[in-house]
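The values are calculated or read from the model by the stated rules, or taken from the named source; none is laboratory data. Predicted model only: the values in this text are computed from it and were never measured. Heads up, the Cβs are rebuilt from the backbone with ideal geometry, glycines too, and the neighbour counts pull from every protein chain shown. Just the protein is used for accessible areas: all its heavy atoms, side chains included, with ligands, DNA and RNA removed. Shrake-Rupley method; radii C 1.70, N 1.55, O 1.52, S 1.80 Å.
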Amino acid sequence: MSTVLWERKVKGCTLTTVQGDITLEHIDAIVNAANEHLHHGGGVAAAIVRAGGASIQLDSADWVAEHGRVATGTAAITGGGKLSAKFVIHAVGPVWGTGNEVAKLTSAITSALELAEQHNLASISFPAISTGIFGFPKELCAKTFFDTVENWLDEHPQRSLQTIRFCNFDNPTANVFEREARRRFG
Ligand code: AR6
């Protein structure tokens, strides 16, 4: 069960904040909050592999074997295994305390949006990258997400993406995204 907390069309794209399990999203791609090695050991990453099956971890290992690690601030794409989502986009956010965290998170979000666009996807769902095990403050994360998405929409008036969702399992995180969305867009 997921609950829509807020929804609005912004710059021609439907933005939605959701409380729910991202692995259950009916969407073209979900974003994973990954590490550089795509070792999906904890947090939302482990939940995605549990729900989507071992092929997601195997595809991830193949990706790293072929291309090397996924640098912080970039993203990689694999299939969605048994998930309803066709793809998983593995975005690597910063560990809080390593410096330039906002720039690194901005870059990770932008990389995920670009990969979705390259695959001609219409919809994508993001968790609050870096706000769990990586320790990024939730309010600053929500602000960075909406800043980045607004700028990206401005820069891409012609685009395949029609829907961008912000889906978080825990109420505190989902509520922070809802509050930030209402503050900006009403
Ligand atoms: N659906 C939606 N949101 C979720 C779910 C879920 N099923 N599970 C967790 N969240 P985290 P990070 C939210 O720790 O901080 C892993 O080990 C959660 O409440 O998953 O970027 C990776 O392999 C939190 O707000 O990601 C990396 O090593 C948000 O997702 C490392 O953790 C992100 O929390 C990445 O850490």
Q) From the list 78, 98, which residue is closer than 24 Å to residue 146 by Cβ and either open to solvent by 50 Å² or more (accessible area, probe 1.4 Å) or polar (S, T, N, Q) (or both)? A) 98
Q.
Condition first: touching a Leu at 6+ places or on another chain (Cβ under 8 Å) and open to solvent by 20 Å² or more (accessible area, probe 1.4 Å). Now tell me which residues in segment 6-47 satisfy that.
A. 7, 8, 9, 11, 12, 19, 28
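Here's the yes/no breakdown for (1) open to solvent by 10 Å² or more (accessible area, probe 1.4 Å); (2) among the hydrophobic types (A, V, I, L, M, F, W, C); (3) within 16 Å of the ligand (Cβ to nearest atom):
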site	(1), (2), (3)
129	no, yes, yes
132	yes, no, yes
139	yes, no, yes
159	yes, no, no
182	yes, no, no
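Of a type outside the set (Ser, Thr, Tyr), outside any helix (DSSP H, G or I), more than 10 Å from the ligand (Cβ to nearest atom) and in contact with an Asp or Glu (Cβ under 8 Å, 6 or more places away or on another chain), is that true of residue 124?
Against the criterion (of a type outside the set (Ser, Thr, Tyr), outside any helix (DSSP H, G or I), more than 10 Å from the ligand (Cβ to nearest atom) and in contact with an Asp or Glu (Cβ under 8 Å, 6 or more places away or on another chain)), residue 124 qualifies.
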Q | Count of segment 20-40 residues which are in a loop (DSSP other than H, G, I, E, B), within 9 Å of the ligand (Cβ to nearest atom) and either closer than 20 Å to residue 72 by Cβ or not small (Gly, Ala, Ser) (or both) | A | 8
Q | Index of the failed condition, residue 118 passing every other in (1) more than 14 Å from the chain's Cα centre (by Cα); (2) within 12 Å of the ligand (Cβ to nearest atom) | A | (2)
Q | Residues of segment 89-111 satisfying the condition of being touching a residue at least 60 places away in the same chain (Cβ under 8 Å) and over 12 Å from residue 72 (Cα atoms) | A | 89
Q.
Condition check: within 23 Å of residue 46 (Cα to Cα), within 12 Å of the chain's Cα centre (by Cα) and away from the ligand (no atom under 16 Å from the Cβ). Does residue 105 satisfy that?
A. no
